[in-house]
Every structure is written in C-alpha cells, then in structure tokens.
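A quick write-up on the structure given underneath.
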Amino acid sequence: MMKKVKEILSTYDYEIDFYIREDKVVFLKGEVNKWQEVVDIGHKVAAVKGVRNIVNDITSKDITVKTEDNKKQIQEALKGNVTECDVLIIGGGVSGCAIAHAFGKYDLKTIVVEKNSDIGTEATKANNGNIHPGLLAKYGTLKAKLNLKGNKMYTDWAKDLDFELQRPGSLVVFYEEKHKKQFDAMRLLKRTGLGYFIKPAKQMMRTPGLKWLTAKEVKEMEPNIKGEPLGGFWMTTMGIVEPFEVVYALSENAIDNGVEFKMNTKVLAIQTEGNIHRVITNSGIYKTKTIINAAGVYADKIAEMVNDKFYTIHARRGAIAILDKSRKGFINRPTGVVKSGGNKNSKGGGASLTPEGNFLWGPTAKEVYDREDKSVEAADMEYILALGQSVTDEVKKNEIIQFFAGIRAADYREDFIIEKSRTVNGFIHVAGIQSPGLAAAPAIAEMVEKIYKKDHKLKVKENYIKTRKRTPIFRELSHEVQDKLIQQNPKYGRIICRCEMITEGEILDAIHAPIPATSLDAVKRRSRAGMGRCQSGFCGPKVLEIIARELEIPLTEVTLKGKDTEILERENR
Ligand SMILES: Cc1cc2nc3c(=O)[nH]c(=O)nc-3n(C[C@H](O)[C@H](O)[C@H](O)COP(=O)(O)OP(=O)(O)OC[C@H]3O[C@@H](n4cnc5c(N)ncnc54)[C@H](O)[C@@H]3O)c2cc1C
C-alpha cells in the first residue's frame, strides 16, 4: 500500500507528505496549484487496495482556506443550560430525520440539533427527488446495497407517513447503434443469468423491474421525446418525491413520538469524558451517551471534534433548473439520453420531474472547495439546458422559473460511511451521504438503528404512533370537501398564491406546524406558496405579512431563510 501511494504521489510535481496509520487511513498534506488536483489525488489514493479512507489536508493555491475561530463563541456557549438525552442526532437533513423517525419508536429521549432555522435545508432540499432504482450505484458499495433496500422501503414510508410517492419509473433512451448493442448485451446477461458472474453486470442482476423497450414502445410511452430513438430501457421502480415533504413527514411522526427538534442549534465543540459527551452548541449544552453524526457536508468536522476524523468530505456542487407546471404530462417520467463519455460522479441526469409535474433539468457535478458555494454559473446553466434539450427540444429556455444548487457530501472512497466509531464510545458516523442518500434514507436509518441496538436493550414505546397524516392540500380536494373546510375555517377560502392556488389556511398550517415555518422559504416549501411561475412576486408580500402577524414580530424581522436574511430594511408607511 505504501509503495502504491508513493507511486501515485510521484506522478505529481509537488511535495506531498503522507503517512499511513495502523488502521489503513492515509493522511495527506501539501500544496498544489488547483483544487481539482487536490480532489484527483484524494480519489487516486483512496482507490488503492486496502486503504480504509483518507484525510486529505492538501491545499491549493487557487483557494483561500477559511478558518473559523470560534473559541470565543465556545467560551460563551459553555455557560449555557445543560439538557440531558439518550441520543443526540446532529443534522436535520433526510438522514437525521429518518434516524429520528426510527428512534422515535423506542423509550429513549432523542433530540435532533440543526444549525439552520428549518429542517432539510441543505442537500436534502436541493436534489432531484429521485428514489433511484439502484442500478447505477457501484456494485459492492454500501451505497448500492442501501439504495436497493431504501427504494423498496419507500412504499411503506409513503403509506404510513402520508407523503406523495409516485413510481413512474425512469427511462433511458438511445439513438446510436453502438448503444443499442450494449443494451441488447445487458438484456442477454440478465435473461441468461450470466451477469451474476460479470462484475460490471452484478448490480443490474440485483436491480428489480428492468424492462427493455423497442423504439415503438418508447415512442408510445413518451411521444414528445426528441427524434427517433432506437430503443429504451425502463427502470420501473424509480420513484419521485418532493424531498422536503419527506422530511416534514418523518419529523412530524418523530415529534408525535416524543423526539425533540432544536432549530438554530449549531454544534461548536464536543467534550468527551468516559462514556459521556457534552455537546456544546450556540444554544446550550447537550449531555448524552450517544451522538449520531448526520451533519452532511460537515460530518468530518464533527468527527474531528471527537478526535475520530478518518475521512474528508469534499463538496461536489450540483445545479438544477426547475420549470413551471404548464408542461405537466409532456414527459411522464424522468428521462435521460445515453451519451458517450459522461460524468462518472453524476447519475447522468436529463429531464426529471416533481410529483406536482414541474420539470427538473440537471444536475451538474462540479468539485468546489467552499462547502457553502451554492452558486449557479453560466456554464452550469448551459450544461443544464443541453441536458434538458437532449430529451426534448420543444421545451424552451424561458420555461425555466428558477435555478438552484446543492452540495453533495462526498468522501474520497465515494461511498457512505455508516459505522460505530472504533475509538470513541457512543458515536455513530453517518457520513459521505451523497446521492443516492435520499433514496437510501429508510435503509440508512434502519442500519443506524441496528448498530445502536447491538449495544443497547431497547423497548418499543407502549403508545408508539406509527402513522402521520398531513394537513389538507386545498387544491386537491373535491368542491364538497373544500366547502366544508371553508365553513370550519374561512381562511381556507382566501387564496394567497394564485399560481399554485394556495390558501391562507394552508399557510397558517405551515407557520403553526410542529416545526414551525418561520421564514418565507420555509412557508414556500411546506405550502407551495411562491413556487409557481411568479416565484413569490405576487404572494410574497402577503405571506410576509401573515408570518409577521402570526409570529407577532415586526415585518422587518421576517426573513427569507433564517438569521441574517431579513427582507425589508424598514417600514415606510
Ligand atoms: C444536486 C443534487 C441532486 C441530488 N439528487 C438526488 C436524487 O435525485 N436522489 C437521491 O437519492 N439523492 C440525491 N442527492 C443526494 C441527496 O440530496 C443527499 O444524499 C441527502 O439529501 C443527504 O442528506 P443528509 O441528511 O445526509 O445531509 P443534509 O441534507 O446536508 O443534512 C445535514 C444537516 O446537518 C446540519 N448540520 C451541519 N453541521 C451542523 C452543525 N455543526 N450543527 C448542527 N447541524 C449541522 C446541516 O445544516 C444540514 O441540515 C442529490 C444531491 C444533490 C446536491
């Protein structure tokens, strides 16, 4: 292993130091010219046989390293109140919320701490909402295993937790003869069972619901796709969800079962003595025997706080365009086109859709140093446009209503890291949860539950509540039910968002939800007010007034997405 790592580093014209720890973790240090080189070196070393993972402390000249000195903040925080709990989950993304939902079953005091003002506001809100079938995850990885399992588990999740899951499957189409031959070969491997003996085909053999389509069948299924494809491949188990609906559903059920969620609570440091951790946050101290680290792109920083950093997260930004619903039904399932080459770190992308019927074009995949860099560059836009228009060129650029970007929390082995710390008692890593983290979430939570169960005797709560019911979605109800609802609460009779037909009653439901929506964006995600073509242009000021009124705060204190994002500077009349 030593020889191989040396060999890799010798191909670069830089002084890079490394050492290999007993547990086969490789530590890298040095300086190179470009950030992409840092990432490339990391990947190459992590791929060496036997390497457990790598801590990549190489810097590059094209970036300014940000160091956060929070000593003063920690000193202040140490004076905070102490709350005790059995399990503390760090991070309220889909991983943290899924784990909270699973732990809600047991007689435990479980708390989730989330640094932002709402749950699901990082990678979890910025994805394609695809419940991937599992075919494209690399065979033998944890990602691949949990993707296959998680995909299946979504059916029960959606039923029990009352969120929308559609399973239109996803379609891949091809236009070139060489691709047709490849797909024919895959079909043969699947049909004969020979694929079980060929490594690149092994994941396909384990993925259910694969169907090979003729050119005619493709056109019948999707008459609006571009040109004359030679055939297609339908992964029938692919699902689509609205990811934030999933986290609200999970958290609300967890809260019904006694789990507490603490928003605006950022973990700054962890002090560990024997079996007890004191987790220091900007709003108090949490004393706990078990920490579950589901901090997304900051999971390695949290691991460092307990001296168990054996991986480095590198940020891979993905940008997506959302189109309005006027094209609903134009394409009926996530669809991509087989191209030669492609990006090995992305699932390819193309034209996806939300359960509501908005198209999602993208995503891109770009390595960025800054974990907060959610910008969308002109090059991203061009790439996204080309992706969408490779599926259909009838849909035009001006149908895009918004671009957004999220950060994939990748480690250098490009796999999930879900394990109990080998050196610290009561610490579970849930890191490297990049795509398909949303699809795998139920299986991730189940795995964490099993790890915890091995060391603890657990009792299911006597009054455990298995199901959750969502608040009314006015536009989906029959006129009779709408009438009844308005009679009970006239606020359901006042439309605030005209594009999406969202009533004041639904906005109030969002603001007074178990995890209250306290910002414009949080109300938008929960109720859809502002998600339409005008993107809040019309309803934004009204929603702002409703938030101020309900929270009893001045208009100038209402934010777009939490602290430091106030919308109005002053009131002028
Ligand atoms: C562009 C893009 C497209 C994608 N498409 C798909 C897809 O279609 N299907 C799919 O399965 N997956 C997809 N993914 C991946 C998926 O979004 C992620 O795997 C998943 O959301 C990860 O969830 P998480 O909870 O682990 O992380 P996150 O959602 O990032 O949550 C981590 C949470 O931890 C909090 N946190 C961090 N540090 C601290 C701290 N110090 N104290 C307190 N809280 C803290 C953060 O604020 C955050 O809320 C995509 C990702 C991207 C970026």
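Throughout, read-outs are computed from the coordinates displayed, never taken from laboratory work. Computed from a prediction, not measured in an experiment: that's the story for all the values here. Every residue, glycine as well, gets a Cβ built from its backbone with ideal geometry; the counts of neighbours run over all protein chains shown.
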Convert each backbone phi in region 354-366 into a coupling constant with the Karplus relation 6.51 cos²θ - 1.76 cosθ + 1.60 (shift: θ = phi - 60°), then list the ³J(HN,Hα) values in order as whole Hz, x for Gly and Pro. 8, x, 6, x, 6, 6, 10, 9, x, x, 8, 8, 9
Hey, what number do you get for the chain at 222 nm if only DSSP H runs of n ≥ 4 count, each worth -39500 (n - 2.57), divided across all residues, to the nearest 500? -9500 deg cm²/dmol
Once you put a point 7 Å from the Cα of Lys396 and another 7 Å from the Cα of Lys24, both along the Cβ direction, what distance in nm separates them? 5.7 nm
Nearest-20 debye value, region 474-557 charge dipole, Cβ charges on Lys, Arg, Asp, Glu: 260 debye
Between the alpha-carbon centers of region 225-246 and region 26-86, tell me the distance in whole angstrom. 37 Å
Taking 233-239, 155-161 and ranking on average Cβ neighbours within 10 Å, highest first, one gets 233-239, 155-161
Lone Cys, the chain, Cβ cut-off 4.7 Å -> Cys85, Cys97, Cys499, Cys534
Going by amide H atoms built from the backbone, whose H comes under 5 Å of the H on Ile502, apart from near neighbours? Ile496, Cys497
If one computes the Cα centroid of region 136-152 and of region 251-329, what distance in Å separates the two points? 23 Å
Kindly put Thr556, Thr518 in sequence by how many other C-beta atoms sit within 10 Å of each C-beta, fewest to most. Thr556, Thr518
For q = 0.09 Å⁻¹, Debye-computed log10 I/I(0) when each Cα of the chain counts as one equal scatterer: -0.74
Kyte-Doolittle mean at least -1.0 and Cα extent at least 18 Å along the axis: which DSSP H helices of the chain qualify? 142-161, 243-256, 378-391, 437-455
Any idea which of Ala410, Asn489, Thr518 is furthest toward the positive side of the dipole for the chain, if Lys and Arg beta-carbons carry +1 and Asp and Glu beta-carbons -1? Ala410
Quick query: amide H of Thr83 versus all other amide H atoms, modeled in the peptide plane; which residues come in under 5 Å with a sequence gap of 5 or more or a different chain? Ile285, Tyr286, Lys287
Taking H placed 1.01 Å from N in the peptide plane, check which residues at least 5 places from Thr335 or on another chain put their amide H under 5 Å from its amide H. Leu171, Ala351, Ser352
Quick one: check the C-alpha center-to-center distance for region 175-201 versus region 374-420, whole angstrom. 28 Å
For Gln389, the net charge from surrounding residues (Cβ-Cβ under 12 Å; K, R +1; D, E -1) works out to -1
With x for Gly and Pro, the residue-by-residue ³J(HN,Hα) of region 280-291, computed from phi through the Karplus equation 6.51 cos²θ - 1.76 cosθ + 1.60 at θ = phi - 60° and given in whole Hz, is 8, 10, 6, 9, x, 10, 10, 9, 8, 8, 9, 10
Of the options Pro208, Ile331, Ile400, report the single residue whose Cα projects farthest towards the positive end of the charge dipole of the chain (beta-carbon charges: Lys, Arg +1; Asp, Glu -1). Pro208
Between Ile473 and Arg570, how high is the FRET efficiency from 1/(1 + (r/R0)^6) when r is the Cβ-Cβ distance and R₀ = 35 Å? Nearest 0.05. 0.45
Honestly region 425-466 on the Cα gyration tensor test (a ≥ b ≥ c root eigenvalues; a/c under 1.5 rounded, otherwise a/b vs b/c for prolate or oblate) is just oblate
Dipole moment magnitude, nearest 20 debye, the chain about Cα centre, only Lys, Arg, Asp, Glu C-beta charged: 1900 debye
Just to be sure I understand the model, the point goes 7 Å from the Cα along the line to the Cβ. What's the resulting Glu419 to Lys339 distance in nm? 3.7 nm
Honestly region 30-114 on the Cα gyration tensor test (a ≥ b ≥ c root eigenvalues; a/c under 1.5 rounded, otherwise a/b vs b/c for prolate or oblate) is just oblate
